[in-house]
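Down below is the structure, laid out as C-alpha cells.
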Amino acid sequence: MRRKFITPLYIFNMIVQSIINLAAPIALMFFFAYLLVSYASTPTFIYVIFILLGVFSGLFSMVSFLIKASKALEALEKQHEEKELSEKARSNDEGGSSAE
C-alpha cells in the first residue's frame with residue numbers, strides 16, 4: 001500500500017511557512033528603518049534600502065526553506081520505499097520457507 005506523503009494540510013503548511021519566511025525579514029527591516037528614522041533622525045530613503053534588504057533576505061530564506069523541505073520529503077519517500085521493499089523481501093522469505 002502506497003502511503004500519500006503530500007496531503008492538502010502539508011501543502012497548506014508549506015504555503016504558510018513560506019509566507020512567514022518571506023514576511024518576517026521584511027517586517028523586521030521596516031521596524032529597524034522606522035526606529036532609525038524616528039530616533040536617529042536619518043533620512044527617509046533608509047526605508048527603501050531596508051525594505052529592499054528585507055525583501056532579498058526574505059526571498060533567500062523562503063527559497064532555502066523550500067529546498068530543505070523538498071530534500072526532507074524526498075528522503076522520507078526513499079526511506080519509506082526501502083522499508084516497503086525490505087518488508088516484501090521478508091514476507092517472501094517467510095512465505096517460501098513455510099511452503100517447503
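Considering only alpha-carbon pairs that sit under 8 angstrom and 6 or more positions apart, the relative contact order computed for the chain is 30 percent. For the options Leu66, Leu22, Leu76, a Gaussian network treatment of the chain with springs between C-alpha atoms closer than 10 Å singles out Leu76 as fluctuating the most.
Ranked highest first by average number of other Cβ atoms within 10 Å, how do 80-89, 44-53 line up?
On the way: 80-89: 10.8, 44-53: 13.6.
With the highest mean Cβ count within 10 Å placed first, the list reads 44-53, 80-89.
Amide H to amide H distances under 5 Å link Thr42 with Val37, where only residues 5 or more positions off or on other chains count and H is placed in the peptide plane.
If the segment from Val37 to Val55 were pulled out straight at 0.36 nm per residue, it would be longer than the present Cα-Cα gap by 4.6 nm. Calculated accessible area for the chain comes out at 78 Å² per residue, all protein chains present (probe 1.4 Å; ligands, DNA, RNA ignored).
Report the FRET efficiency, 1/(1 + (r/R0)^6), for Lys4 and Phe30, where r is their Cβ-Cβ distance and R0 is 41 Å, rounded to 0.05. Don't skip to the end; give the middle numbers.
Details: r = 40 Å, r/R0 = 0.97.
After rounding, the FRET efficiency stands at 0.55.
Dividing the convex hull volume of the Cα atoms of the range 1-58 by its residue count, what figure in Å³ per residue is obtained? Kindly include the intermediate steps, with their values, before the conclusion.
Details: hull volume 3.9 nm³, N = 58.
Hull volume over Cα atoms, normalised by residue count, gives 66 Å³.
Overall, the accessible surface of the chain at a probe of 1.4 angstrom is composed of carbon and sulfur to the extent of 69 percent. Work out the P(r) tail for the chain: percent of alpha carbon pairs separated by more than 24 Å, whole number. When all Cα pairs of the chain are counted, 54 percent exceed 24 Å.
Quote to one decimal, in nm, the extra length available between Ser91 and Asn13 on full extension: 0.36 nm per residue of separation minus the C-alpha distance between them.
Roughly 24.4 nm would be gained on extension.
Estimated from helical segments only, the mean residue ellipticity of the chain at 222 nm is -32000 deg cm²/dmol, where each DSSP H run of four or more residues counts as -39500 (n - 2.57).
Applying the Karplus relation 6.51 cos²θ - 1.76 cosθ + 1.60 with θ = phi - 60° to the range 72-83 yields 3J(HN,Hα) values of 5, 5, 4, 5, 5, 5, 5, 4, 5, 5, 5, 5 Hz, where x marks Gly and Pro.
The values are calculated or read from the model by the stated rules, or taken from the named source; none is laboratory data. Being a predicted model, the structure only gives us computed values, none of them experimental. When we count neighbours, we look across all protein chains shown, and the Cβ atoms used for this are built from the backbone with ideal geometry, even at glycine. Only protein heavy atoms, including side chains, enter the accessible area calculation; ligands, DNA and RNA are left aside. Shrake-Rupley method; radii C 1.70, N 1.55, O 1.52, S 1.80 Å.
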